[in-house]
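**Student:** Could you have a look at this structure, given as structure tokens, before my questions?
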Amino acid sequence: MACNGCNKRWTSSGGSKPPTHKSKGFFGADGELSHTEEVVVNTGKTACACNFPKNGEGFYCNRHKCWKTEDLFQLCQKREDYYNMWEEGRGPLQDLYVNSMKEGTKKQIEEEELEQEMLERDYFMGDPDIPKKSRGLGDTVSKFTKATGIKAVVDTAFDAMDKDCGCRERQSKLNKLFPYGKKRKTKGFFE
């Protein structure tokens, strides 16, 4: 079997190894070896101004927005082609990190919007203690205190004292004493 672009031949059944090329070896778009591009081994110093930490654990490169190990740091320092890929936003680990951050942020924003929409749909002014439809006088009083700002002042004052204001208990008690809606018939003693 001939290598693409050179006259060296090898067979897998004969036990010989495929030819190696020290100065060439990028894969083309079709997955085949392409011998048209030279591999840049060392061009000296690039414009990278990062300093690798002495602990050897790697670091986050603010310029290229990705984590770099010592090997990636050396590539950035000495290989112009890798440095240019990072500058263009398509270097090793760069797309993975940037895309995962974008996806994570997008999911978080969508979840927060959905949660806020549910609060606004089911509760009065987004307060989970006050339902949209009043069940009794307690809910009406709670809506009034929320709309006028009294609830915010009371909550702030009682939070500063680390005490419970009793708003929920009062709301529940008033709802039981003065409910809205139809009165339910109960079986009594004389029925």
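**Student:** Select from the range 135-150 the residues that are surrounded by 13 or more Cβ atoms within 10 Å (Cβ to Cβ), without any contact (Cβ under 8 Å) to a residue 24 or more places away in the chain and not β-branched (Val, Ile, Thr) and write down the one among them that is farthest from PHE124 (Cα to Cα).
**Tutor:** Restricting to residues being surrounded by 13 or more Cβ atoms within 10 Å (Cβ to Cβ), without any contact (Cβ under 8 Å) to a residue 24 or more places away in the chain and not β-branched (Val, Ile, Thr), the top hit is LYS146.
**Student:** Which condition number does VAL154 fail, the rest of (1) within 30 Å of the chain's Cα centre (by Cα); (2) over 20 Å from ALA49 (Cβ atoms); (3) modelled with pLDDT of 85 or more being met?
**Tutor:** Failing condition for VAL154: (1).
**Student:** Please count how many residues of the range 26-52 are modelled with pLDDT of 65 or more and more than 17 Å from LYS78 (Cα to Cα).
**Tutor:** Quick first cut of the range 26-52, residues modelled with pLDDT of 65 or more only: 45-52.
Subsequent filtering for residues that are more than 17 Å from LYS78 (Cα to Cα) retains none.
So the answer is 0.
The values are calculated or read from the model by the stated rules, or taken from the named source; none is laboratory data. All of these numbers come straight from a predicted model, not from anything done at the bench. Positions of Cβ are generated from backbone atoms using ideal geometry, with glycine treated the same way; all protein chains shown enter the neighbour counts.
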